[in-house]
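To keep things clear, I will list the structure first and then write my remarks on it.
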Number of protein chains: 2
Amino acid sequence: MRISELSRQSGLSVPTIKYYIREELLPAGRLTSPNQADYDEQHLRRLRLIRALIGVRGLSVEATRQVLGALAQQQATPHLVLGLALGVIPPADQAATPAQEVPFQEPREQDHAVEALVRELGWQVYEGSPARAVLADTLASLQDFGVALDWTGLLPYARLAEQTARLDLDALEGAPDPLEMAERAVVLTRLLEPALLALRRLAQESESARRHSD
Amino acid sequence: MRISELSRQSGLSVPTIKYYIREELLPAGRLTSPNQADYDEQHLRRLRLIRALIGVRGLSVEATRQVLGALAQQQATPHLVLGLALGVIPPADQAATPAQEVPFQEPREQDHAVEALVRELGWQVYEGSPARAVLADTLASLQDFGVALDWTGLLPYARLAEQTARLDLDALEGAPDPLEMAERAVVLTRLLEPALLALRRLAQESESARRHSD
């Protein structure tokens, strides 16, 4: 297809596509005449993934290049594809970073609590996943606000999260291509976030009406 | 208790407490001498709710005053308390606003989809709840990104949200006072939001490892 068709199908402007080519996020098309190039489905898939990484995940061009590079270099198992696309696994192994750049931090009480939660759930999750820090921060905030909810109080929420994650993964089954799977994973995970919180608010309201009105 | 003790127990500085008194969010204490006042448990509860509305929900002083006013004026049933605290129900009835200030908007296709979702679930939810617009926006974004997920695709997520909401409401049972219930509702609902999303991420990762690694 021509670049105008690539633009139409990706929803990105021609100058944006040309910028991504200059930045080597996207390979150039096959030249069919001195000033015309031909693009294929693989270009479109890659462009859609770039759009998701930059537009939905909010990555920089440089970080996007790293993720795309890691996806291309490694034996891209579906698990690795999802981890890289969603930012669970950093594109470059953090262990390669010199030690002085990652100062050692004494684990907080809440980090141990998150470890206990993950162990209790039997979850196989990356040691350095940013989501762990979010959970530890939440436990600290709840404590600051005097709310008596520790990691065991998060357990039933985590069990529901398991079911939510199963729905998410079901929606990715049958993606015909790793790039498409990565794109769908980013779009579905991120775009559904506000919707899941909105559903919880509405469900709270309905449950409150059910319990309290008579 | 003295203001210093009120400060210690609320975690708010004495100048902040005095500011809230000047702004009439908090009633003044009972004077025990010309420059000393006494505060009771009710002051502390109200102060904690103010802290949650301003510090967690991010309301302005003016909006906080309106919520507190509405809580005090009306027959505060638990359902109303929760609706006001969480912002589902506006403190002043929107119907009282002159029509020209709320321009009529043609419902989008997505608004009808959200209506169908709510009806299918049998949820009793406020017509003007901001969460409905969030759902409609999400459906529109998914469509823009070419994701084949319509309102029926949100149904299983909504069923899980119902269970999450039951856990939330369980945590509010037995609050001894409407002010405390309102505070806990704000703190639990808002502070758990990032944690719920983090649990989903971790659960996705673990589920992906389970399905895809061998």
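Any read-out appearing in this document is the output of simple, stated calculations on the displayed coordinates, not a laboratory observation. Bear in mind the structure is a predicted one, so any value in this text is a computation, not a measurement. Methodologically, a virtual Cβ is constructed for each residue, glycine included, from the backbone with ideal geometry; neighbour enumeration extends over all protein chains shown.
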Handout entry: In Hz, Karplus ³J(HN,Hα) per residue of segment B:184-196 (6.51, -1.76, 1.60; θ = phi - 60°; x = Gly, Pro)
Key = 4, 4, 5, 5, 5, 5, 6, 5, 6, 3, x, 5, 5
Fill in the blank from the handout: Shortest first and in nm, the label-point separations between residue A:122 and its counterparts in the other identical copies (7 Å out along Cα→Cβ) come to 3.3
Exercise for the section: Run a plain Debye calculation on the protein assembly as shown (Cα atoms as equal point scatterers, no solvent) and give log10 I(q)/I(0) at q = 0.12, 0.13 Å⁻¹, rounded to two decimals, same order as the q list. Expected result: -1.10, -1.21
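Can you tally the net charge around residue A:139? Count Lys and Arg as +1, Asp and Glu as -1, for every other residue whose Cβ sits under 12 Å from the Cβ of residue A:139. If you can, show how the numbers build up before the last one.
Values: positive: A:108, A:132; negative: A:109, A:111, A:115, A:137, A:144, A:150.
So the environment of residue A:139 carries a net charge of -4.
Taking K and R as +1 and D and E as -1, what net charge do the other residues with C-beta under 14 Å from the C-beta of residue B:113 add up to?
Working: positive: B:108, B:119, B:132; negative: B:109, B:111, B:115, B:120, B:137, B:150.
Result for the local shell: -3.
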Practice task
With a Förster radius of 35 Å, plug the Cβ-Cβ distance of residue A:115 and residue B:8 into 1/(1 + (r/R0)^6) and report the FRET value to the nearest 0.05.
Solution key: 0.60
Problem - For residue B:177, inter-copy label distances in nm, listed shortest first [label point 7 Å out on the Cα-Cβ vector] - result: 6.2
Problem - Neighbourhood charge, 10 Å Cβ-Cβ cut-off, centred on residue B:45 and excluding it, Lys, Arg +1 and Asp, Glu -1 - result: -3
Problem - Residue among B:143, B:73, B:105 with the largest mean-square fluctuation in a Gaussian network model of chain B, springs linking Cα atoms under 10 Å - result: B:105
Problem - Value of relative contact order over chain B, rounded to a whole percent, pairs C-alpha under 8 Å and six or more apart - result: 22
Exercise for the section: Select the chain A residue whose beta carbon lies nearest to the rotation axis carrying chain A onto chain B, and write the distance in whole Å. Expected result: A:160, 3
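Determine the calculated [θ] at 222 nm for the protein assembly as shown from helices alone, applying -39500 (n - 2.57) to every DSSP H run no shorter than 4 residues and normalising by the residue count; nearest 500 deg cm²/dmol.
Mean residue ellipticity, 222 nm, calculated: -20500 deg cm²/dmol.
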Fill in the blank from the handout: Taking a crude spin-label model, label points 7 Å out from Cα along the C-beta direction, the residue A:72 to residue A:210 distance in nm is 5.2
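What Kirkwood Rh does chain A have if only Cα atoms enter the pairwise 1/r average? Answer in Å.
20.3 Å is the Kirkwood radius here.
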Practice task
Return the long-range amide H neighbours of residue B:37 (sequence gap of 5 or more, or a different chain), with a cut-off of under 5 Å between placed amide H atoms.
Solution key: B:3, B:32
Exercise for the section: Between the label point of residue A:159 and that of the same position in each other copy, find the distances and list them shortest first in nm, with every label point placed 7 Å from Cα along the Cα-to-C-beta direction. Expected result: 1.7
Exercise for the section: Between residue A:106 and residue A:63, take the C-beta separation as r, use R0 = 22 Å, and let me know the FRET efficiency to the nearest 0.05. Expected result: 0.15
Problem - Top of A:47, A:197, A:12 by mean-square fluctuation, Gaussian network on chain A, Cα under 10 Å - result: A:197
Exercise for the section: Identify which of B:28, B:72, B:195 has the largest mean-square fluctuation in a Gaussian network model of chain B, with springs joining Cα atoms closer than 10 Å. Expected result: B:195
